[in-house]
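So the structure is just underneath, and the comments pick up after that.
Every read-out reported here was derived from the displayed coordinates using simple, explicitly stated rules and does not represent laboratory data. Bear in mind that the values here come from a model prediction, so they are computed numbers and not experimental data. When we count neighbours, we look across all protein chains shown, and the Cβ atoms used for this are built from the backbone with ideal geometry, even at glycine.
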Amino acid sequence: MKLKLNGGISEFQDDITVAGLLQNLKIESARVAVEVNMNIIKA
């Protein structure tokens, strides 16, 4: 799948989870907000 992240296009496996994506990008999940269709997703 292709995702637009901070203005750039990146490609990832189709079944990747948000947790897997953050791990792949080496981003600490404790300070991350996830938005889907203008709604913040709660953990």
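Before moving on, here are some points about what is shown:
- Cβ pairs under 7 Å, 6+ apart, first in the stretch 13-27 and part of a loop (DSSP other than H, G, I, E, B), second not polar (S, T, N, Q): D14/M1
- Among the residues of the stretch 13-43, those identified as farther than 16 Å from M1 by Cα, surrounded by fewer than 12 Cβ atoms within 10 Å (Cβ to Cβ) and polar (S, T, N, Q) are N37, N39.
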